[in-house]
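Input: a single structure, listed below in structure tokens.
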Amino acid sequence: MPPGPPDNLSMIRRVLGDGYVALALVELGVVERPGDGVTKVNVVVKEGALEVAVHSEGVGLVDAVFQALHARYAPEYQSLSSIALVGFAVSTAIESGRGIRTDATCTVTIDVTNSMGRRFTFQDTSRSMTSSATRAVLAMVEHFVNSERAFVTLYNARQDAQQRGRVDLVGRFTAELAEVVKSTSYTEVIERMQRELG
């Protein structure tokens, strides 16, 4: 399967319904001192109707943004702690103007692997490389947060169906769990649930 966003995103959205966590970039502040290797970020993220400010520092923009979002979401969504960055690329499309003025867009591509080694690609295109890189990281975090939420939701629904003797629903939820687990990254909670599913 080629790298990219999961083909089961529509199922994850259906499972979570109004509980799907959509993340959008509202504001980005970046401070760097050339030569010291540290990037500091202030990021304002929209979570549904709520705006949340997160701050951190890292080695470069992508690391700093991820560290800020990790501090916000990883305590609840542990799968964020088991993903690894494996690729980062920037490509541009430039239409020349007068002098040094150009009409340019850039595409930032971030590749990560989950704990099972499956590769995922997240991209964003805009006129700002920093905004695109930040939105690509946001898309990655949104994906793993919602995949983990969907897995837990389906697991609980399967447990409920099993207790009610609804064999039809147990089968459906088990099949959906098998799909969603491909899109998440293992945590202790998911590993335990996987063992219980046999």
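The values are calculated or read from the model by the stated rules, or taken from the named source; none is laboratory data. Bear in mind that the values here come from a model prediction, so they are computed numbers and not experimental data. No Cβ is skipped: glycine too gets one built from the backbone with ideal geometry, and neighbour counts run over all protein chains shown. Protein only, heavy atoms only, side chains kept; ligands, DNA and RNA dropped before computing areas. Shrake-Rupley method; radii C 1.70, N 1.55, O 1.52, S 1.80 Å.
So, in region 19-34, of the ones that are within 15 Å of GLU57 (Cβ to Cβ) and in contact (Cβ under 8 Å) with a residue 40 or more places away in the chain, which residue ends up surrounded by the most Cβ atoms within 10 Å (Cβ to Cβ)?
Residue satisfying both the conditions and the ranking: LEU28.
Of everything in region 94-117, what is open to solvent by less than 90 Å² (accessible area, probe 1.4 Å), closer than 23 Å to ALA133 by Cβ and either assigned to a loop (DSSP other than H, G, I, E, B) or modelled with pLDDT of 85 or more (or both)? Give them in sequence order. Walk me through how you get there before you give the answer.
Start the filter on region 94-117 by keeping residues that are open to solvent by less than 90 Å² (accessible area, probe 1.4 Å), which leaves 97, 99, 102-117.
Now narrow it down to the ones that are closer than 23 Å to ALA133 by Cβ: 102-114.
If the condition is that a residue be open to solvent by less than 90 Å² (accessible area, probe 1.4 Å), closer than 23 Å to ALA133 by Cβ and either assigned to a loop (DSSP other than H, G, I, E, B) or modelled with pLDDT of 85 or more (or both), then THR105, CYS106, THR107, VAL108, THR109, ILE110, ASP111, VAL112, THR113, ASN114 are the ones that fit.
For region 153-168, check the following and say yes or no: at least one residue is farther than 24 Å from ASN8 by Cα, of a type in the set (Val, Ile, Thr) and at pLDDT below 90.
For region 153-168, residues farther than 24 Å from ASN8 by Cα, of a type in the set (Val, Ile, Thr) and at pLDDT below 90: absent.
How many of the residues in region 36-88 are open to solvent by 90 Å² or more (accessible area, probe 1.4 Å) and either part of a helix (DSSP H, G or I) or more than 19 Å from ALA133 (Cα to Cα) (or both)?
Residues in region 36-88 being open to solvent by 90 Å² or more (accessible area, probe 1.4 Å) and either part of a helix (DSSP H, G or I) or more than 19 Å from ALA133 (Cα to Cα) (or both): 6 in total.
Look through PHE120, PHE151 and report the one residue that is in contact with a strand residue (DSSP E or B) (Cβ under 8 Å, 6 or more places away or on another chain) and surrounded by 22 or more Cβ atoms within 10 Å (Cβ to Cβ). I'd like the intermediate steps shown before the answer.
Values: PHE151 fails: in contact with a strand residue (DSSP E or B) (Cβ under 8 Å, 6 or more places away or on another chain).
Exactly one of PHE120, PHE151 is in contact with a strand residue (DSSP E or B) (Cβ under 8 Å, 6 or more places away or on another chain) and surrounded by 22 or more Cβ atoms within 10 Å (Cβ to Cβ), namely PHE120.
Just one of the numbered conditions (1) in a helix (DSSP H, G or I); (2) within 13 Å of the chain's Cα centre (by Cα) is not true of VAL21; which one?
Only one criterion is unmet by VAL21, namely (1).
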